[in-house]
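Chemist: Below you'll find the structure I mean.
The values are calculated or read from the model by the stated rules, or taken from the named source; none is laboratory data. Nothing here was measured: the structure is a model prediction, and the numbers come from that model. Cβ coordinates were reconstructed from backbone atoms using ideal geometry, including for glycine residues, and neighbour counts include every protein chain displayed.
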Amino acid sequence: MTAPLHGLVEISNDDYHAGPGISKSRLDAIAPEMGKTPLHYWHKYLNPERQREEPTVDMVMGTAIHTAILEPDLLSQTVVAGLDIPRRSNADKAEWAAFEAANAGKIILPAESFQTVLSVRDAVHRHPVAGPLLRDGKAEQSFYTTDKATGELIKCRMDWMANSGEFILDVKSTKDASPAEFTRSVANFRYFVQRPWYEDILDDLYGEHPPYWMFLAVEKKPPFAVGIYYLEAHDVSLGRRLARRDLNRILACQQANHWPDHATEAVPLTLPAWYTRQFDDLA
């Protein structure tokens, strides 16, 4: 019999995401402010006929950048630059086929994208604030516990935790790491839900969590600017309430075996103010 998942578990990123337990990503899959419904959640995680979703270009780059920054020693084992030749002639295609076979299981990036990954890595590690934060800690640690209120298995995977226990660092590659634009990303992708979800899991397991949580935002284009941010207490509190709402929503649908979409009833639509404003002077 397989032992139940509990505490710190050594597990690959792929196995973590494919395996059991409610994660922050699963909460997002049912969050109405992200345009999601229970049906979206069911299709993504429970539909027996669902097809495997291929990762987007941004997702692939994000994974490569994470590895380069957080686990640089593993980069050559997981990411490689593709051949700088087209796939036109039969000889070209044969060379590509041999290259892909030799690098099976690795992320194969265009040469220019691979160089971007290296440049992002170097920009972060030479940064006077970000660099030192990554000098003494552990990357990609997975934690599991049973939620006391619901009995459900819940989980989280830390980007970086300092060995001192002082802080958690969450790495985000982005188009714009400025405070104004990264705040938009924090809201749009609900990054503010991560902190309380992760900290509550650690509190349940160990009775405490690192006192500081920071986002390390790094841009994917030159000059690869870096921003380091933390959340205000009221936003952490909102994230905690939303996480609980979404967990309860998942479990309620699961118990009822009912996964509704947007059309639970007919509702009115109102044109947005930014659109109707242009007609204010219309007689």
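Chemist: Taking the stretch 16-53, which residues are of a type outside the set (Gly, Ala, Ser) and either in contact with a Gly (Cβ under 7 Å, 6 or more places away or on another chain) or assigned to a loop (DSSP other than H, G, I, E, B) (or both)?
Modeler: If the condition is that a residue be of a type outside the set (Gly, Ala, Ser) and either in contact with a Gly (Cβ under 7 Å, 6 or more places away or on another chain) or assigned to a loop (DSSP other than H, G, I, E, B) (or both), then Pro20, Ile30, Lys36, Thr37, Leu46, Asn47, Pro48, Glu49, Arg50, Gln51, Arg52, Glu53 are the ones that fit.
Residue-by-condition table, conditions (1) of a type in the set (D, E, K, R); (2) assigned to a loop (DSSP other than H, G, I, E, B); (3) farther than 30 Å from Leu251 by Cα:
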| site | (1), (2), (3) |
| --- | --- |
| Pro55 | no, yes, no |
| Ala91 | no, no, yes |
| Glu100 | yes, no, yes |
| Glu112 | yes, no, yes |
| Val124 | no, no, yes |
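Chemist: Which of the residues that make up the stretch 15-55 are at pLDDT 90 or above, farther than 23 Å from Pro196 by Cα and loosely packed, with under 10 Cβ neighbours inside 10 Å?
Modeler: Listed by number, the residues that qualify are Pro48, Glu49.
Chemist: Does any residue in the stretch 45-67 that is within 30 Å of Val124 (Cα to Cα) and acidic (Asp, Glu) come within less than 8 Å, Cβ to Cβ, of a residue that is at pLDDT 95 or above and loosely packed, with under 10 Cβ neighbours inside 10 Å six or more places away or on a different chain, and which pairs are these?
Modeler: none
Chemist: Would you check if there is a residue in the stretch 92-100 being touching a helix residue (DSSP H, G or I) at 6+ places or on another chain (Cβ under 7 Å), farther than 22 Å from Ala18 by Cα and not aliphatic (A, V, I, L, M)?
Modeler: no
Chemist: If you check Ile65, Ile85, Ile22, which single one turns out to be touching a helix residue (DSSP H, G or I) at 6+ places or on another chain (Cβ under 9 Å), β-branched (Val, Ile, Thr) and more than 29 Å from Glu219 (Cα to Cα)?
Modeler: Ile22
Chemist: For the stretch 69-80, enumerate the residues that are surrounded by 13 or more Cβ atoms within 10 Å (Cβ to Cβ) and either assigned to a helix (DSSP H, G or I) or in contact with a Leu (Cβ under 6 Å, 6 or more places away or on another chain) (or both).
Modeler: Residues satisfying the conditions are Ile69, Leu70, Pro72, Leu74, Leu75, Thr78.
Chemist: So which of Ala187, Ala217, Ala243 is closer than 23 Å to Met59 by Cβ, loosely packed, with under 13 Cβ neighbours inside 10 Å and either modelled with pLDDT of 95 or more or of a type in the set (Asp, Glu) (or both)?
Modeler: Only one candidate qualifies: Ala187.
Chemist: Identify all residues within the stretch 123-165 that are within 14 Å of Trp197 (Cβ to Cβ) and aliphatic (A, V, I, L, M); write none if there are none.
Modeler: Matches in the stretch 123-165: Ala149, Leu153, Ile154, Met158.
Chemist: Okay, next question. Filter the stretch 250-283 for residues that are acidic (Asp, Glu) and loosely packed, with under 10 Cβ neighbours inside 10 Å; which is nearest to Pro20 (Cα to Cα)?
Modeler: That would be Glu265.
Chemist: Would it be correct to say that Leu169 is buried (at least 17 other Cβ atoms within 10 Å of the Cβ), hydrophobic (A, V, I, L, M, F, W, C), in a loop (DSSP other than H, G, I, E, B) and in contact (Cβ under 8 Å) with a residue 24 or more places away in the chain?
Modeler: Spelling it out, it is not the case that Leu169 is buried (at least 17 other Cβ atoms within 10 Å of the Cβ), hydrophobic (A, V, I, L, M, F, W, C), in a loop (DSSP other than H, G, I, E, B) and in contact (Cβ under 8 Å) with a residue 24 or more places away in the chain.
Chemist: Another question about this same structure. Of the conditions (1) loosely packed, with under 14 Cβ neighbours inside 10 Å; (2) of a type in the set (A, V, I, L, M); (3) part of a strand (DSSP E or B), Ile154 fails just one. Which one is it?
Modeler: So Ile154 meets the others, but not (1).
Chemist: Now for a separate question. Among the candidates Pro86, Pro132, which residue alone is loosely packed, with under 11 Cβ neighbours inside 10 Å, at pLDDT 90 or above and not aliphatic (A, V, I, L, M)?
Modeler: Pro132
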